[in-house]
Amino acid sequence: MKEYNIKRHYETHHRERYERFQGEARKEKINELLAGLKKQQNVFTRSREISDAAVKASYLIANKIALASKPYAEGEFVKTCMLTAAEMVCPEKRQAFANISLARNTVADRISELAQDLDCQMAQKVKAFVAFSVAIDESTDITDVAQLAIFIRGVDESLTITEEFLDLVPMTDTTTADDIFSALVCALDKVGVDWTRADVEGLKEDVHAVQQVTSVHEKRITELEAKLNDQERYHRRWNLRLYGVPDEEGEDLRRKWWTSAVPRPDFLDKETRNALWPLIETARKEGKRAFFVGARAYIDGKLIKRIEPSQLTSEEQ
């Protein structure tokens, strides 16, 4: 502010009140007014410091909850514990602890903001890399979905080495070399990687190596599924263990033991059927009901005696 503006304000509003103070009395009054001003300023400063400390504590506790993989609702329980301890240790500080917001939605927002801040820090570090390398690894979660873990390591101009976990990409469809390479490129583009400093051919070789490992795992899974399906072909009632009888590879217990214990119908052989066929044919021409049932022949419901081939005469043959 300009000097003449301050002087005019003083002479207009405060001259009659403070003109009577002269010499040492005037200095003491000025010091008293300055002390009062600082006290008022300290009230607001102190209040702001307490508020900032409460917000900072809220972020730190939310970070601990996230690192421990605890539910967001745990923040309210932590606050209850802190208030109980404050009442016993420092009752005068209880309000400071009460100002710390740890509601479920607040903890969720704090963790989201921390994650965004970490992403920004990572992007800034990646942009400063003069050289970098990546490492990828593939694993499967409990839902049998392939997960691609991506790590990055780089160095800046001050030779500071940074190594961080970059992203975890679910491979919900196929896991070919092209799919893995596309997921890797997308993850690196998110943090603003300078591709002029990357050896793309080297990345392709790494992806190809990972693809070979994945192919081996897929082949093994296919073999295990085939074995499991082969075992499930047998119904539970055929899962027999016969003590004293050695097991044979590929044996069919149903055919070996069950069918051998059940008498099978004696079907007609070709020679016997040919011997009985003239009788059946003649009966059909006469309008009679003639037919075969298993090893027997019937004409009008009467059983025709089976003739063995050895009993046939040369004329009947």
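Could you please give the count of residues in the range 97-125 that are over 27 Å from the mean Cα position of the chain (by Cα) and crowded, with 16+ Cβ neighbours inside 10 Å?
Matching residues across the range 97-125 total 5.
Going by what's in this entry, would Arg46 be described as within 56 Å of the chain's Cα centre (by Cα), part of a helix (DSSP H, G or I), among the basic types (Lys, Arg) and at pLDDT below 90?
Yes; evaluated as a whole, the condition is true for this residue.
Out of the residues in the range 128-175 meeting the condition of being among the charged types (D, E, K, R) and surrounded by 13 or more Cβ atoms within 10 Å (Cβ to Cβ), tell me which one is nearest to His217 (Cα to Cα).
Out of the qualifying residues, it is Glu138.
State all residues of the range 145-190 that are closer than 21 Å to Ala209 by Cβ, in a strand (DSSP E or B) and among the β-branched types (Val, Ile, Thr); if no residue qualifies, say none.
Ile150, Ile152, Val169
Given the criterion at pLDDT 85 or above and not in a helix (DSSP H, G or I), identify the matching residue among Asp137, Asp109. Write out each step before concluding.
On the way: Asp109 fails: not in a helix (DSSP H, G or I).
Just a single option satisfies the conditions, and that option is Asp137.
Could you figure out which of (1) within 26 Å of Thr174 (Cβ to Cβ); (2) at pLDDT below 70 isn't true of Glu218?
(2)
Starting from residues that are in a strand (DSSP E or B) and surrounded by 14 or more Cβ atoms within 10 Å (Cβ to Cβ), keep the ones in the range 283-317 and report whichever is modelled with the lowest pLDDT.
In the first step, residues of the range 283-317 are kept if they are in a strand (DSSP E or B); the result is 290-293, 296-299, 302-304.
Filter again for surrounded by 14 or more Cβ atoms within 10 Å (Cβ to Cβ), leaving 290, 292, 296-299, 304.
On the way: Ala290: 86, Phe292: 78, Arg296: 74, Ala297: 80, Tyr298: 83, Ile299: 86, Ile304: 78.
Applying the filter and picking the extreme gives Arg296.
From the list Asp199, Asp194, Asp189, exactly one residue is modelled with pLDDT under 75 and acidic (Asp, Glu). Which is it?
So the residue among Asp199, Asp194, Asp189 that is modelled with pLDDT under 75 and acidic (Asp, Glu) is Asp199.
The values are calculated or read from the model by the stated rules, or taken from the named source; none is laboratory data. Quick caveat, the model's predicted, so the values are computed rather than measured. Don't worry about glycine lacking a Cβ; one is built from the backbone with ideal geometry, like all the others, and counts go over all protein chains shown.
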